[in-house]
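Some notes on the structure that comes next.
Rule-based calculations on the coordinates, nothing more; no lab input. Owing to the predicted nature of the structure, the values given are computational and were not obtained by experimental measurement. A quick note on method: Cβ atoms are made from the backbone with ideal geometry, for glycine too, and the neighbour counts reach across all protein chains shown.
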Ligand SMILES: NC(=O)c1ccc[n+]([C@@H]2O[C@H](COP(=O)([O-])OP(=O)(O)OC[C@H]3O[C@@H](n4cnc5c(N)ncnc54)[C@H](OP(=O)(O)O)[C@@H]3O)[C@@H](O)[C@H]2O)c1
């Protein structure tokens, strides 16, 4: 089983389903990534702050897969958005992963009050020129943050990784990303498992002889988003990837679209700052 592929605005190709690894320790991440690569995943999402880049890298190397067959994303933490910190932070991530480059590097949160995300974006552009990262993007950026970096540099991020799942769709961010040709990566695509119990989703899943997680992941794919479901359970890891083969009817997609409550589970990107954590 393989995830569908999507071409980003810089020509880089990304598998549309990636394994999320938040909250996994190094050992748990290594086991989950091993299961995922065996099941056919070719895209892993980690971050410096997850403190599991070592485990992720170990499992990728142990798989024996050629480096260019696995798409690896990591993220720059909030306190590394400065001239001095940015390069050592990326070097530390590469060192832990045991890689000489990552496929995608993201500014983890904008932290607008800190006032460093424009500088951070410029540095990511430099890292890409140097070949340390193939593609660059952002995470948790709101429309005004996206406009600010594009106005300043003329370069749009390849992706914006944001909280997005059936009960929370940030419509303004989705519209701005469409306008700028920025791909959406959905974080907490299953609503941190809470959306799995939604009766509307459970009913569609029963009718299609699928799991609620597969219905939700298929919905992300139908919208053209990259989904990053996290699981440490081998059977779930495999069945989540099988969502690639699930066909949703247009009326099912429309029904799922009506579940948006506007209620986010994670922090508000306009307010998260190093001193609010
Ligand atoms: N950029 C950001 O700021 C940001 C923020 C949050 C998350 N993320 C990324 O997005 C990824 C996913 O988000 P998330 O981890 O918050 O939540 P999620 O993927 O929406 O949900 C994960 C939860 O769902 C469970 N689960 C997964 N597949 C299942 C299935 N088929 N049936 C039943 N339960 C299932 C998992 O349990 P088990 O593991 O026990 O199987 C886990 O408890 C993260 O891991 C991370 O890579 C990024």
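General remarks:
- Cα gyration tensor shape of region 140-218, rounded if a/c is under 1.5, else prolate or oblate by comparing a/b with b/c: prolate
- In terms of its C-alpha gyration tensor, the chain has an oblate overall shape, because the principal axis ratio a/c (a ≥ b ≥ c, square roots of the eigenvalues) is not below 1.5 and a/b does not outweigh b/c.
- Compared with the direct C-alpha span, the chain from residue 147 to residue 193 gains 13.3 nm at full extension, assuming 0.36 nm per residue.
- Within region 150-277, the proportion of C-alpha pairs whose separation exceeds 22 Å stands at 38%.
- Length gained on full extension, residue 172 to residue 209, computed as 0.36 nm times the residue gap minus the Cα-Cα distance: 10.0 nm.
- The chain, relative contact order in percent, only Cα pairs under 8 angstrom and at least six apart counted: 20
- Here's the picture: a label point sits 7 Å out from the Cα of residue 79 along the beta-carbon direction, and within region 259-276 the residues with their amide nitrogen under 15 Å of it are 273-276.
- You can think of it this way: the chain between residue 27 and residue 258 has 79.3 nm of extra reach, that is 0.36 nm per residue less the Cα-Cα gap.
- Overall form of region 1-87 per C-alpha gyration tensor (a/c, 1.5; a/b vs b/c): oblate
- Inter-site label distance for residue 119 and residue 63 at 7 Å from Cα along Cβ, in nm: 3.6
- Within region 37-54: backbone nitrogen closer than 20 Å to the residue 235 label point (7 Å, Cα to C-beta): 37-41
- Percent of beta bridges antiparallel (DSSP, the chain, rounded to nearest 5): 15
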